[in-house]
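Let me begin by presenting the structure, written as structure tokens, before commenting on it.
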Amino acid sequence: LSPHLVWTLTLRLLKTTIYHNANSTNMEGMALLGDLGTHSMDCSTCKIRFLQPWAHQGLTPKQWQGLETVLHNYVSKFILLMNKVVKDEDEHYPFVLQASIGCELHPNGTSRQFCDAAVNGEDFISFSVDEGTWVAQRGDKLALSIRDLLNQDKSAAAVAQFLLRTMCINELKSFVQYGKESLERQEKPVAVVFARAPSPSGTPAVVLLVCRVTSFYPRPVRATRMSEQESPEPEDTALAQM
């Protein structure tokens, strides 16, 4: 890792799948390095698009093509599996499945891999990278049936372990190297303070002041409320910029 990057960095794929019915599914994917978008995925073909000039580093064009094939096969099988279980268990459409898949590196060199899925905003199933098995996060028939069917495919579990343990970590290290300038950029926060109008009841009410801080990078930021006596000099601030 770059000596200037001392915080934990995460590479994750966020995938959202909308199951309209057994014959209609919409899906989109986005890869993020920390808060920075690096790749998007056309989930009809699992074609990977590079959102940063350095985002293709770490793999050869042939390896990227191979990864697209692996993702396409895995996504297609999972959609068929979900539809089968929904039919067998007499579940109902529509529903939304969201997945967070990736890895993170810590300043001390340790790492963590994860693969978690939720249905309609509730924890559903996760993959234990260490054990190579799927774990249901709730006790209903849908989650238990999906868990059991996924755990029957040992070869797919081995591929998932390789992708998370090896490929994800290697790509994360590569992106940290090639995307150093993007990761180390500094964006000043912009704060806007506005008053929320009191209720129209006609009774005296305390005016609620809301401070919204945006546009900052990296993520950690501190916003402090100051009294009038503590206000900075005009030359220390420009309108709402902190």
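The values are calculated or read from the model by the stated rules, or taken from the named source; none is laboratory data. None of the values given here were measured: they were computed from a predicted structure. Neighbour counts are summed over all protein chains in view; Cβ atoms, including those assigned to glycine, are modelled from backbone coordinates with ideal geometry.
Values as computed for the structure displayed
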{"quantity": "Condition check for T45: out of contact with any Leu (no Cβ under 8 Å at 6 or more places or on another chain), surrounded by fewer than 13 Cβ atoms within 10 Å (Cβ to Cβ) and in contact (Cβ under 8 Å) with a residue 24 or more places away in the chain", "calculated": "yes"}
{"quantity": "Exclusive hit being surrounded by fewer than 17 Cβ atoms within 10 Å (Cβ to Cβ), hydroxyl-bearing (S, T, Y) and within 21 Å of the chain's Cα centre (by Cα), set T16, T25, T60", "calculated": "T16"}
{"quantity": "Of all residues making up the range 108-152, the number that are assigned to a strand (DSSP E or B) and more than 19 Å from P94 (Cα to Cα)", "calculated": "13"}
{"quantity": "Output for the range 19-31, where each listed residue is within 19 Å of V96 (Cβ to Cβ) and either at pLDDT below 90 or among the aliphatic types (A, V, I, L, M) (or both)", "calculated": "A22, M27, M30"}
{"quantity": "Any chance G102 is small (G, A, S) and exposed (fewer than 15 other Cβ atoms within 10 Å of the Cβ)", "calculated": "no"}
{"quantity": "Candidate set: the range 106-122, residues that are surrounded by fewer than 19 Cβ atoms within 10 Å (Cβ to Cβ) and in contact with a helix residue (DSSP H, G or I) (Cβ under 9 Å, 6 or more places away or on another chain); chosen: the one modelled with the lowest pLDDT", "calculated": "S111"}
{"quantity": "Cross-chain or 6+ apart pairs with Cβ under 7 Å, the range 88-102 first and among the aliphatic types (A, V, I, L, M), then surrounded by fewer than 16 Cβ atoms within 10 Å (Cβ to Cβ)", "calculated": "V96/T16; V96/I18; V96/N120"}
{"quantity": "Checklist (1) over 23 Å from L33 (Cα atoms); (2) touching a helix residue (DSSP H, G or I) at 6+ places or on another chain (Cβ under 7 Å) applied to G139, failing item", "calculated": "(2)"}
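Conditions (1) out of contact with any strand residue (DSSP E or B) (no Cβ under 8 Å at 6 or more places or on another chain); (2) closer than 27 Å to Q63 by Cβ, marked per residue:
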{"position": "L97", "(1), (2)": "no, no"}
{"position": "Q113", "(1), (2)": "no, yes"}
{"position": "G121", "(1), (2)": "no, no"}
{"position": "F127", "(1), (2)": "no, yes"}
{"position": "E131", "(1), (2)": "yes, no"}
{"position": "W134", "(1), (2)": "no, yes"}
{"position": "S145", "(1), (2)": "yes, no"}
